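The values are calculated or read from the model by the stated rules, or taken from the named source; none is laboratory data. Note that the structure is a prediction, hence the values are computed from the model and not measured. Quick reminder, even Gly has a Cβ in these numbers, built from the backbone with ideal geometry, and neighbours come from all protein chains shown. The accessibility values were calculated without ligands, DNA or RNA, using every heavy atom of the protein model including side chains. Shrake-Rupley method; radii C 1.70, N 1.55, O 1.52, S 1.80 Å.
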Amino acid sequence: MTPMGALRAGTAEAAELLGVAHETGTLEPGKRADVVIARGNPLDDIHALGDPGNILVVMKDGVVYKDADGLAA
């Protein structure tokens, strides 16, 4: 599986299979804001997402739970 395929499998395609694509799975106005911002490009190195030190911002339902570099301020 390509890195893009893996990201889509865990987001948009998973939401479609679970029947919740109308509220989550992609970044669109009106959908729940679950977002992860990582250091680097996961399309270049998907394994970088497995290192907690590379995860800079974590948001669930629009609430920031981690903001390592003040990016969400």
**Study point:** Residue-by-residue Karplus 3J(HN,Hα) for the stretch 34-40, coefficients 6.51, -1.76, 1.60, Hz, glycine and proline x
**Key:** 9, 9, 10, 10, 10, 6, x
Check your understanding: Any idea of the accessible area per residue across the chain, 1.4 Å probe, to the nearest Å²?
Key -> 69
Practice item. Divide the volume of the convex hull of the Cα atoms of the chain by its number of residues and quote the answer in cubic angstrom per residue. Key: 95
Study note, to complete from the structure: From DSSP H assignment alone, runs of 4+ in the chain each adding -39500 (n - 2.57), the sum over residues rounded to the nearest 500 puts [θ] at 222 nm at -5000 deg cm²/dmol
Check your understanding: To the nearest 20 debye, what is the magnitude of the charge dipole of the stretch 1-51 about its Cα centre, counting +1 on the Cβ of each Lys and Arg and -1 on the Cβ of each Asp and Glu?
Key -> 80
**Study point:** Table column - 3J(HN,Hα) (Hz), the stretch 6-23, Karplus curve with 6.51, -1.76, 1.60, x for Gly and Pro
**Key:** 5, 5, 5, 4, x, 10, 4, 5, 5, 4, 4, 4, 8, x, 10, 4, 6, 10
**Study point:** the chain, accessible surface, carbon-and-sulfur percent (1.4 angstrom probe)
**Key:** 60
Review point. Do you know the relative contact order of the chain, to the nearest whole percent, from alpha carbon pairs under 8 angstrom that are 6+ apart?
Key: 23
Review point. So which GluC sites (Glu not before Pro) in the chain are both in a DSSP loop and have at most 16 other Cβ atoms within 10 Å of their Cβ?
Key: GLU23
Study note, to complete from the structure: With DSSP loop assignment and no more than 11 other C-beta atoms within 10 Å, the trypsin sites (Lys or Arg not before Pro) in the chain are none
Point to revise | Amide hydrogen neighbours beyond the local backbone of ILE55, cut-off 5 Å, H modeled | key: ARG39
